[in-house]
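Right, one structure below, let's go through it.
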Amino acid sequence: MTYAQSDGLDTGMDRQRQFLLNKALAVTLFVGFCSLFAGFELDVGPIAIKPFDLITLAVGSLLMTPVILRGRLPASPGLALFAIYMAIHVSMAFVTSATDGAKELLQAIELLLFAAVLTYLRGSLNWQKLGHWFIVAAIVLTIYNIAWHVSHGYLVGWKRLDEPKLLMTYGTVVILAVMTLSRPRATFQDYVILALLAAVLILSGERKAQLAFGFHVVILIFAGYIRPLYVAIAAAVTAPILAVLIQSDPYLARQLESVVALTASEKPSLNALISGESGLSPSNAQRRFAWLLSVDLFRANPLIGIGTNGYEPYVQSAYHWLPGQMLLAIHNEFQRVMVENGLLGLLAYAAPWVRAVAFLPDIVRRHGRRSAAAYAMFLVAFFVQCLFESAGIEAFLAFLFVCLLPELFTAANARKISFKQHPDAAS
């Protein structure tokens, strides 16, 4: 064997070792991501540390340090947009306090590492296999979530565990996306799965997931994947059963009333909310109160807002005499950004959403209606989650995926691993 052959063999072995290392790190990161929905965390002073935090910081540093130093990180407009908003978010956190600034800086580093890993590995990850494994994890964690609630006397309303209930939204959209990308038309099995998902979501009482699911069904009808007639027949058959079930259970009845109240044209005033005479559920009253107060705060600080994490301390100080329910954080990321980061932050936060929506026609043209339907369903799931959820690592991850969605989706289609080509792929 010559020296040249020996060097070539060594290089090949080095590449193989690097490939195996990257694969092991990616699997570890995936496990860490799934652990977010299990609710594991450790409170260390003012910081709640999750396994995902430690795994991302460790894996991201190991994987991305040599990539970044060698200039091998692929260009990504989505990553750049995410970094721009996070820079504003962190800067405005230091306006609130040094502690808030330090916490948000650490979280921003963690999220940027995670985004960089996705950007670097986007073309080599088997997204179909990841989707299947995520579904397995979602089913296991959802069964645990339901069992926990039933064992504590909650036969319905499975939303008292904050992290597992997120799977009502994210587990559902991954299941529907995998189904849609696997075959050109829904089979009988698919309609059964849709019915089971609808039943679980109704019994869970998770309104965000129910709203997203409704949009998903509409998207699948427009994509030609499911037939409107079958959906109408299923709705006609199950509606009387659901009506009896909802009326017989006080919790489900209250949930339905609260959804109807959200769409009511008459909006109570701030004084009515404070006096408790609004007639709204506690949750809806808090959302309405937070909106009215947010408008006043934005008018007073329109350009840069009151500072990241500034709303909750303000409302707890200025309205300390109100019930605790009314003093919770803002449950709407767009609203929170408007109040805490002003127009500057809101423009930076909205830009990736606009870009992601504008990318949809390109998906339809290049990859067909079903592929576009999967893309749209993910976008809807992230939007609904951010529209009705308070700030935290989960909300930031939803925003992160929106920033990277065009790139990740393009990479998945380029590998042709999502689905086999069908006649409608060119439609």
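For the range 225-234, putting each phi into the Karplus relation 6.51 cos²θ - 1.76 cosθ + 1.60 with θ = phi - 60° gives couplings of 7, 10, 8, x, 4, 5, 5, 5, 5, 4 Hz, in residue order, rounded to whole numbers and with x for Gly and Pro.
A Förster radius of 56 Å combined with the Cβ-Cβ distance from Ala102 to Ala235 puts the calculated FRET efficiency at roughly 0.65.
A straight chain from Tyr191 to Asp296 at 0.36 nm per residue would run longer than the Cα-Cα distance by 33.1 nm.
For the pair Trp148 and Gln325, a Förster radius of 30 Å applied to the C-beta separation gives a FRET efficiency near 0.80, rounded to the nearest 0.05.
Just flag the trypsin sites (Lys or Arg not before Pro) in the range 27-107 sitting in loop per DSSP whose Cβ has no more than 14 other Cβ atoms within 10 Å.
Values: sites: Arg70, Arg72, Lys103; in loops: Arg70, Arg72.
Those satisfying the criteria are Arg70, Arg72.
Listed by Cβ neighbour count within 10 Å, with the fewest neighbours leading, Val357, Val178 appear as Val357, Val178.
Our estimate of slack between Ser390 and Arg72, defined as 0.36 nm per intervening residue step minus the Cα-Cα distance, is 110.9 nm.
Under a Cβ-Cβ cut-off of 12 Å, what is the net charge of the residues other than Glu333 that fall near it, where Lys and Arg count +1 and Asp and Glu count -1?
Working: positive: Arg336; negative: Glu340, Glu389, Glu394.
Net charge in that neighbourhood comes out at -2.
Coupling constants for the range 384-396 follow from the phi torsions by the Karplus curve (6.51 cos²θ - 1.76 cosθ + 1.60, θ = phi - 60°), and in residue order they are 4, 5, 6, 6, 10, 10, 7, 5, x, 4, 5, 5, 5 Hz; glycine and proline get x.
Around the amide H of His331, modelled in the peptide plane, lies no amide H under 5 Å away from a residue 5 or more places distant or on another chain. The listed peptides 399-407, 227-235, 160-168, 310-318, ordered by packing as a protection proxy, come out as 399-407, 160-168, 310-318, 227-235 (highest mean of other Cβ atoms within 10 Å first).
Every number in this text was worked out from the coordinates using simple rules, so none of it is lab data. Nothing here was measured: the structure is a model prediction, and the numbers come from that model. Note that each Cβ is placed from the backbone with ideal geometry, even for glycine, and that neighbours are counted across all protein chains shown.
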